[in-house]
Number of protein chains: 4
Amino acid sequence: MAKLGVGVLGVGRMGRCHAENVRSRVPEAKLVAVADVDVEAARRLAADLEIEHSYASIEELVERKDVDAVVIASPSRFHLANVQAAAAAGKHIFCEKPLALTIDGIDEAIEAARRAKVLLQVGFMRRYDPAYAEACKRIEAGEIGTPIIFRSIGRDRQPPPLSFYQSGSGALFLDSTIHEFDLARWLMHDEVAEVHAFGGTLACPELVQFGELDAGMVNLRFSHGAIGNVESFRQSRYGYDIYTEVVGSKATLRVGYLRQTALTVLSGEGVSHDVVDHFLMRFAEAYLNQLRDFLRSVLRGSEPSVTGEDARQALAIALAAARSQRDSRTVLVAEEARADTVHSAS
Amino acid sequence: MAKLGVGVLGVGRMGRCHAENVRSRVPEAKLVAVADVDVEAARRLAADLEIEHSYASIEELVERKDVDAVVIASPSRFHLANVQAAAAAGKHIFCEKPLALTIDGIDEAIEAARRAKVLLQVGFMRRYDPAYAEACKRIEAGEIGTPIIFRSIGRDRQPPPLSFYQSGSGALFLDSTIHEFDLARWLMHDEVAEVHAFGGTLACPELVQFGELDAGMVNLRFSHGAIGNVESFRQSRYGYDIYTEVVGSKATLRVGYLRQTALTVLSGEGVSHDVVDHFLMRFAEAYLNQLRDFLRSVLRGSEPSVTGEDARQALAIALAAARSQRDSRTVLVAEEARADTVHSAS
Amino acid sequence: MAKLGVGVLGVGRMGRCHAENVRSRVPEAKLVAVADVDVEAARRLAADLEIEHSYASIEELVERKDVDAVVIASPSRFHLANVQAAAAAGKHIFCEKPLALTIDGIDEAIEAARRAKVLLQVGFMRRYDPAYAEACKRIEAGEIGTPIIFRSIGRDRQPPPLSFYQSGSGALFLDSTIHEFDLARWLMHDEVAEVHAFGGTLACPELVQFGELDAGMVNLRFSHGAIGNVESFRQSRYGYDIYTEVVGSKATLRVGYLRQTALTVLSGEGVSHDVVDHFLMRFAEAYLNQLRDFLRSVLRGSEPSVTGEDARQALAIALAAARSQRDSRTVLVAEEARADTVHSAS
Amino acid sequence: MAKLGVGVLGVGRMGRCHAENVRSRVPEAKLVAVADVDVEAARRLAADLEIEHSYASIEELVERKDVDAVVIASPSRFHLANVQAAAAAGKHIFCEKPLALTIDGIDEAIEAARRAKVLLQVGFMRRYDPAYAEACKRIEAGEIGTPIIFRSIGRDRQPPPLSFYQSGSGALFLDSTIHEFDLARWLMHDEVAEVHAFGGTLACPELVQFGELDAGMVNLRFSHGAIGNVESFRQSRYGYDIYTEVVGSKATLRVGYLRQTALTVLSGEGVSHDVVDHFLMRFAEAYLNQLRDFLRSVLRGSEPSVTGEDARQALAIALAAARSQRDSRTVLVAEEARADTVHSAS
């Protein structure tokens, strides 16, 4: 059987991770080419992975006939244009989150894929972490009864580089908390109806110049009555700490632990262990599973597991949270979705 | 040196715990008598503890000259009257929380103690748990830098009996979350300025008749900018789960674990252990430490560690949370304190 | 119903713990008197616990008609004589381990109790720890199938004071590892048939003068084929670490954890928590349960749960381990029991 | 720079793991070919990894000029012959443990590599696990003071297939405990001088026909006085449990944890989580690090990190343990090394 030809756009840490995974850990797929505006970096990655082709743009990449699907790991602000270019060339698309930075943008991306009849999947990789995947399965199987309380915390050891903020990607609720919002919808099997957020720039004074928060606390009300809370924090100092809990009427599920390695030190100062440093470590397996699932959906011609609609809904919650924090009031998620749709229609 | 004479009012589980502790684990104090409207129960406890005197009312108890201090562990709705009776008799007072059910009531209790020049301490026992006490000490010592995020969760295995609700004691934020509110003030060394609450009767339909919540989620904004969230849930089913976290600019502290015993079972089904069942187990040491501290404050004539003002402030936050949940809006804590004070002044 | 009168001999930390427990936490018993050669210390404890009588010797204590049972917590080398004195006076006896320091001595103690028709229980308190008790119950219920491997580790934070060694109580296998040997017999429901021990004075050079080990490692062969290993170490520096494991053909049970409090510190240096410091902390509940069980056996006139025979068997294993370490060979436990019995018979 | 050409012999699970790692995760190396007597399996793996060459024998593999190094992951009983073939062809060699099944065999392998001036590394992958590697580094840095006690446990969820035993590879101490023996030498920075072993066929009656143990418990005495114990068990049923501890005069290090995923289930039955299933999961990262280190040693022309001498010494300990168990006596490791050497010299 011929393998599925895959091109990877963007050869930063994220793109390299995807390229390596396609290269040797997805037998049904063949890594055809990588591309990056930093063409030298693209060439180096191609050499490391012993593939022949590297390019400076998505346009060159999608010109290739033997590329069936594209993995987009470029900076966020280019996602929408990249998706449109790939769709126009008839390539299936896996795009890192955020699919776009506005509801309108997401609608355009969805529409581009729809028109081109290509599959479009968005990178909410946590859904592919074995622990999260198992949690979802158990909830669907009714093991915890009715989900009642949702809680999710995402803390980075330290904030992204200032360049990330300069490029406009650093809005806390849109860039980081959006993972918690996606988990909320997915694990609760319900939509978030209303939010309330407090937030502040409490730990990283260097973010004040960008008007960005480093800490946010969002209360959630789900449409069937369940409640929840999610937190994002940019600078825990102790490590990358992802923790999610779904309390049900019969049992409770937790996903989260902190260890990087299996080493424990016991001394007169107590017992201690290290902490996971970074999302690429914590979610390495999830990234691989995600890619496999996407490529298998392409091969089977089935719907992707995480759709543009999922991206749209998570963004609407994030926008509502941002508005709540700014206006110090509760905000209905429908306000955001509608507001934007109206604007989009106008 | 003569020992401090102590009388205990109320011989339910809580009162028995206090009486046993006075009896043999606070050398400076002597258990003189116990009292309960169920005089037979009082008599039994006296026999168990080999003391001579048991009474049917606080009035009889405080008539005794050799009673210097009274521990009030009667039902909540009698607290205010009991405090007033003890103060009128010139006895020092330790009163279980809530000191009273309204801001006015608390003001009256404080005033009664002030006039009688007796010491009044309120039972926020968590402050005396070795883990919480150590956390507070470390925060004061600057070990975590500036406190930025506060989080606390309190879950019971199952709700209190319906009789508790029938007696009007079961308001979630006032009865249960109030412990989290007290911790918030104490550990953050700051006042809660504003709250937002979602809540529902999601797990215990039998509470609907009382109009009481079984789940509440409260966002907090502290006066110096820090943010937080507290949760209460009446029916975890898995156990009594108390978890508190203070995230600081330099480090983070957590208090919480779930084990009841040191046993772990490893089988084909995985690794499992049991869970603490009840607050009397989790906080046994805290109750003893609390009593010792109260009695030593009496002996030294020093201020109590947890004052009527602390009770007043925690209640104001709880009332604000209740209003926020009812009205679906953020509420300033000062609204509650003032509203009530105004009413009280009128 | 009249309460059982109890006298406590020895008012060190251990004796005080027993006295406090009798005083207020065993309703069926009444603390009548305490005794200690340090009569001033005995008087202070009596005052703290508000009881009238304190004595300087066991002879005075057992003279009292209202003393039905005696708790012996004197130094180890007096245990045998104290047991004989109590038995001669017809008092039921709870004696801290070791019951005696030789097989002969234990046989004499057993014989004294037998002749006096009094109940004799020995203080292997770990059996009363809720985790160990639950483990035993589950093993008896067949939950783990056939026990195959036994493992137990006992580490002190630091060695006992030198005075303990000067008094001859410090033999590692007889004083410390004996707890592991008792657990081995009790949890495996089998006898230890053969042992092999390595040991050394590796951490505490000050013990060399006494010829005592600070570290021992003992391989066990049980009579039905199971195998095991136990370790004792006098100076872990990090805390009091007790860990036991029974591997069965169907499942495995572990008893052990290290935390003193529920506090966790998370910082750039990692995640850390404190460690239990001392056996009185780790086994506080076990000491209370043990006393209750002993006193209830007396009240019911039933056999004690931990007998002189148990003490004898554990000592035989300890002596075999000591011989193995000295002679660098495997030793049959029956050698020790017999050797001593022969000697005793001669 | 030209990449190092690598051939992999054996395409079972272990060989596939190595081949995938060479393929895309070691940029300095290029996977040239794979070989297996099951040539169809070799062809499938080549197709999955998009490489051109697959062979039926090591002879064909080492004939290729562009193969600089060979990774041997064939069945154990072929290791020695494979090493000799690769050495004869002048290829650098990474060989899975055991290098050979006798001291003589190991000496022949070492000699073959020495004569051919090729680098020979043996697969004790645990040394490359981040936790073990960090432990070793800290011990070398003096962080725990003098190592005093060593303890290591290796338990499989279930025994290898019967075919493994039929092929003669299943000797417990030589196949499984040998990992603990290697860790003992490496982490204690000392040699094991004397051993005592108990063992039995306690859980897997199907092994009786092969005369093989399923449980072994080995006491260790190190040449500088430290003591230790290692355990192997073939059928824990709960999972793959690897646990190692080094107790030092100043602090203690532990390597070990059981979780497979980050999911925790909390219900009325308690708190539970899953368990690592298999060594390929637990040591996935170690296998990659090991391969990288080997290939970089080849590129640098430096000594390998784990030598034939290491394999020889671990085997001598394993043989001594086997003899101790058979003869029920302590055995000096030097007996084995010498006995065999003598035999080898004759």
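Being among the aliphatic types (A, V, I, L, M) and more than 26 Å from B:Gln260 (Cβ to Cβ) holds for only one residue in D:Leu288, D:Leu266, and it is D:Leu288. If the condition is being outside any loop (DSSP other than H, G, I, E, B), surrounded by 21 or more Cβ atoms within 10 Å (Cβ to Cβ) and touching a helix residue (DSSP H, G or I) at 6+ places or on another chain (Cβ under 6 Å), then the stretch A:188-219 contributes A:Val192, A:Val195, A:His196, A:Ala197, A:Gly199, A:Gly216, A:Val218. Only residues that are facing chain C (nearest Cβ under 9 Å) and surrounded by fewer than 23 Cβ atoms within 10 Å (Cβ to Cβ) were counted across the stretch B:246-255, and they come to 3. Residues that are among the aromatic types (Phe, Trp, Tyr) and closer than 18 Å to A:Ala321 by Cα were ranked within the stretch A:211-238; the one that is farthest from the other protein chains (Cβ to nearest Cβ) is A:Phe222.
State yes or no: is D:Leu258 surrounded by fewer than 24 Cβ atoms within 10 Å (Cβ to Cβ) and of a type in the set (A, V, I, L, M, F, W, C)? Yes: the conditions hold for D:Leu258.
Within the stretch C:122-143, if we keep just the residues that are within 8 Å of another protein chain (Cβ to nearest Cβ) and of a type in the set (A, V, I, L, M), the residue that is surrounded by the most Cβ atoms within 10 Å (Cβ to Cβ) turns out to be C:Ala135. Restricting the stretch D:272-304 to residues that are surrounded by 15 or more Cβ atoms within 10 Å (Cβ to Cβ) and among the basic types (Lys, Arg), the residue that is farthest from D:Ala133 (Cα to Cα) is D:Arg296. Among the residues making up the stretch A:152-170, those that are closer than 22 Å to A:Arg127 by Cα and either crowded, with 24+ Cβ neighbours inside 10 Å or of a type outside the set (D, E, K, R) (or both) are A:Ser152, A:Ile153, A:Gly154. For the stretch A:107-119, the count of residues that are surrounded by 22 or more Cβ atoms within 10 Å (Cβ to Cβ) and either within 15 Å of the chain's Cα centre (by Cα) or part of a helix (DSSP H, G or I) (or both) is at least one.
Quick grid of which residues meet (1) in contact (Cβ under 8 Å) with a residue 60 or more places away in the chain; (2) more than 30 Å from C:Arg25 (Cβ to Cβ):
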| residue | (1), (2) |
| --- | --- |
| B:Val271 | no, yes |
| B:Asp277 | yes, no |
| B:Glu309 | yes, yes |
| B:Arg312 | yes, yes |
| B:Gln325 | yes, yes |
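If you check D:Asp241 against the conditions, is it within 14 Å of chain B (Cβ to nearest Cβ) and farther than 27 Å from A:Ser272 by Cβ? No: the conditions fail for D:Asp241. Out of contact with any Leu (no Cβ under 6 Å at 6 or more places or on another chain), touching a residue at least 60 places away in the same chain (Cβ under 8 Å), over 23 Å from B:Glu285 (Cα atoms) and among the β-branched types (Val, Ile, Thr) - does that describe any residue in the stretch B:29-37? Looking through the stretch B:29-37, none of the residues is out of contact with any Leu (no Cβ under 6 Å at 6 or more places or on another chain), touching a residue at least 60 places away in the same chain (Cβ under 8 Å), over 23 Å from B:Glu285 (Cα atoms) and among the β-branched types (Val, Ile, Thr).
Just wondering, is there one or more residues in the stretch B:274-290 that are in a loop (DSSP other than H, G, I, E, B), more than 30 Å from A:His196 (Cβ to Cβ), more than 14 Å from chain D (Cβ to nearest Cβ) and at pLDDT 95 or above? Checked against the condition, which is being in a loop (DSSP other than H, G, I, E, B), more than 30 Å from A:His196 (Cβ to Cβ), more than 14 Å from chain D (Cβ to nearest Cβ) and at pLDDT 95 or above, the stretch B:274-290 yields at least one hit. If you take the residues of the stretch D:18-42 that are surrounded by fewer than 18 Cβ atoms within 10 Å (Cβ to Cβ) and modelled with pLDDT of 95 or more, which of them is farthest from the other protein chains (Cβ to nearest Cβ)? Applying the filter and picking the extreme gives D:Val37.
Condition check: more than 29 Å from D:Thr177 (Cα to Cα) and in contact (Cβ under 8 Å) with a residue 12 or more places away in the chain. Does D:Glu143 satisfy that? No: the conditions fail for D:Glu143.
From the list A:Val265, A:Val271, A:Val331, pick out the single residue that is hydrophobic (A, V, I, L, M, F, W, C), in contact with a His (Cβ under 8 Å, 6 or more places away or on another chain) and under 24 Å from A:Ala100 (Cα atoms).
Working: A:Val265 fails: under 24 Å from A:Ala100 (Cα atoms); A:Val271 fails: under 24 Å from A:Ala100 (Cα atoms).
Step by step, each of A:Val265, A:Val271, A:Val331 is checked, and only A:Val331 is hydrophobic (A, V, I, L, M, F, W, C), in contact with a His (Cβ under 8 Å, 6 or more places away or on another chain) and under 24 Å from A:Ala100 (Cα atoms).
In the set (1) touching a residue at least 40 places away in the same chain (Cβ under 8 Å); (2) within 14 Å of another protein chain (Cβ to nearest Cβ), C:Leu9 fails one condition alone, (2).
Taking every residue in the stretch A:68-89 that is in contact (Cβ under 8 Å) with a residue 24 or more places away in the chain and crowded, with 21+ Cβ neighbours inside 10 Å and pairing it with any residue that is outside any helix (DSSP H, G or I) and of a type in the set (Lys, Arg), at least 6 positions away or on another chain, the pairs with Cβ-Cβ distances below 7 Å are A:Asp68/A:Lys91; A:Ala69/A:Lys91; A:Val70/A:Lys91. Against the conditions (1) more than 7 Å from every other protein chain (Cβ to nearest Cβ); (2) β-branched (Val, Ile, Thr); (3) under 24 Å from A:Ser267 (Cα atoms), C:Val208 satisfies every one except (3). Collect the residues in the stretch A:143-180 that are of a type in the set (Ser, Thr, Tyr) and in a strand (DSSP E or B), keeping them in residue-number order. The answer is A:Ser152, and nothing else.
The values are calculated or read from the model by the stated rules, or taken from the named source; none is laboratory data. Bear in mind the structure is a predicted one, so any value in this text is a computation, not a measurement. A quick note on method: Cβ atoms are made from the backbone with ideal geometry, for glycine too, and the neighbour counts reach across all protein chains shown.
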